[in-house]
Amino acid sequence: MFSSAADKMSDHLSEVVSELKRSCTRARKKTMAQRLTGAGIWVTRPLHQAESLAKAIEAEGGEAICLPVIAIADVEDPQTPMAIVERLERFDLAIFVSANAVERGLGYVGRGNWPALVPVAAIGKATARALAKAGLVSAIQSPPPYNSEALLTTAALQADAIAGRRVVIFRGVGGRALLGDTLAHRGALVTYAEVYRRTLPEWRQTTPIPWDRIRVIVVTSAEGLDNLFGMMDDDAERERLRRIPLVVISERMSGLVRELGNRCPPIVAERASNEAILNALLAFAPRLKCEV
């Protein structure tokens with residue numbers, strides 16, 4: 001009799017403990033989901049690349065304000081990259097600097113027409129995924145932090161391996177010169193296939209910036225940073241911009257933010273991936289409002 005009562009009491013206590021654990025788990029999940037609640041986050045990526053990050057922000061309770069500072073457009077003279085693509089089989093290596101370079105570059109090549117003997121290299125995971133989606137496996141990938149500097153540390157791109165090799169770099173018009181210049185210094189024969197251009201988006205002409213809703217701005221390129229400040233109508237808007245913290249993806253960009261006179265310390269994500277940017281937002285959520 002006493003044993004039965006004790007067993008019932010033990011079972012009841014177990015149920016209570018289990019329910020408390022479930023309640024704590026639900027509370028933790030709720031708290032996690034609310035870490036960005038009330039934070040309007042301006043995502044400046046081109047619209048076709050902003051959707052995934054916007055969904056991740058909204059899943060954490062934030063408001064994603066998708067207003068790009070860069071638009072991706074076709075090059076003005078498509079015959080120039082086409083002429084390079086037509087002799088693609090002569091190259092020893094093709095490097096793609098971005099997912100945009102993959103999408104636009106393979107548009108010139110044609111699906112399924114990539115020369116089997118020309119290996120490809122990717123800067124960043126998103127670029128490698130874009131290549132894989134097109135059926136191309138990256139022979140060389142940049143290690144963390146997944147940028148040009150990191151790619152240049154790989155064994156396949158050192159002078160003893162790359163000297164005398166013909167390398168084509170798929171990129172946008174006027175992209176960074178570091179990768180090509182370094183490879184040329186190491187003895188490679190470098191050609192640029194500029195397959196897209198970056199332009200200012202049209203929305204700024206008709207859509208006001210919702211300043212009252214913006215708590216933080218995500219910028220993922222140096223050109224985007226320049227465009228962001230260049231899009232301001234007057235000194236009053238530029239001053240307002242300088243009072244908002246920016247999330248950037250490299251220490252180099254962090255230095256540019258300071259040079260532009262931003263009053264809030266920049267938040268540096270470990271890399272350009274959506275996951276890294278979201279982690280930076282979550283880690284620094286308490287300081288998303290900068291009082292200056």
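Would you be able to tell me the number of residues in the range 120-143 that are out of contact with any Gly (no Cβ under 8 Å at 6 or more places or on another chain) and part of a loop (DSSP other than H, G, I, E, B)?
Selection size over the range 120-143: 6.
Within the range 97-120, identify whether any single residue is touching a Lys or Arg at 6+ places or on another chain (Cβ under 8 Å), of a type in the set (Phe, Trp, Tyr) and touching a residue at least 12 places away in the same chain (Cβ under 8 Å), and answer yes or no.
no
Just a yes or no: is a residue in the range 79-88 of a type in the set (Lys, Arg), closer than 30 Å to Gly164 by Cα, touching a strand residue (DSSP E or B) at 6+ places or on another chain (Cβ under 7 Å) and modelled with pLDDT of 95 or more?
No, there is no match, as no residue in the range 79-88 is of a type in the set (Lys, Arg), closer than 30 Å to Gly164 by Cα, touching a strand residue (DSSP E or B) at 6+ places or on another chain (Cβ under 7 Å) and modelled with pLDDT of 95 or more.
Is it true that Tyr146 is touching a residue at least 60 places away in the same chain (Cβ under 8 Å) and part of a loop (DSSP other than H, G, I, E, B)?
For Tyr146, the condition - touching a residue at least 60 places away in the same chain (Cβ under 8 Å) and part of a loop (DSSP other than H, G, I, E, B) - is met.
What pairs come up if the first residue lies in the range 217-234 and is on the phi < 0 side of the Ramachandran plot and free of Cβ contacts under 8 Å to residues at least 12 places away in the same chain, the second is of a type in the set (Lys, Arg) and assigned to a helix (DSSP H, G or I), and their beta carbons are under 9 Å apart, counting only those six or more places apart or on different chains?
Taking only residues 6 or more apart or on different chains, the pairs are Met232/Arg238; Met232/Arg240; Asp233/Arg204.
Quick one: in the range 268-285, of everything that is of a type in the set (Gly, Ala, Ser) and assigned to a helix (DSSP H, G or I), which residue is modelled with the lowest pLDDT?
Applying the filter and picking the extreme gives Ala285.
For the subset of the range 191-205 comprising residues that are of a type outside the set (Ser, Thr, Tyr) and modelled with pLDDT of 95 or more, which member is surrounded by the fewest Cβ atoms within 10 Å (Cβ to Cβ)?
Arg197
Sort through Gly40, Gly110 and tell me the only one that's surrounded by fewer than 21 Cβ atoms within 10 Å (Cβ to Cβ) and in the same structural domain as Leu281 (by TED's automatic domain parsing).
Of the residues listed, the single one that is surrounded by fewer than 21 Cβ atoms within 10 Å (Cβ to Cβ) and in the same structural domain as Leu281 (by TED's automatic domain parsing) is Gly40.
Considering only the range 82-107, how many residues are part of a helix (DSSP H, G or I), closer than 16 Å to Val118 by Cβ and over 25 Å from the mean Cα position of the chain (by Cα)?
5
When the residues of the range 41-81 are narrowed to those that are in contact (Cβ under 8 Å) with a residue 60 or more places away in the chain and assigned to a strand (DSSP E or B), which ends up nearest to the chain's Cα centre (by Cα)?
Taking the candidates together, the pick is Val43.
The values are calculated or read from the model by the stated rules, or taken from the named source; none is laboratory data. Worth saying up front: this structure is predicted, and the values here are computed from it rather than measured. Note that each Cβ is placed from the backbone with ideal geometry, even for glycine, and that neighbours are counted across all protein chains shown.
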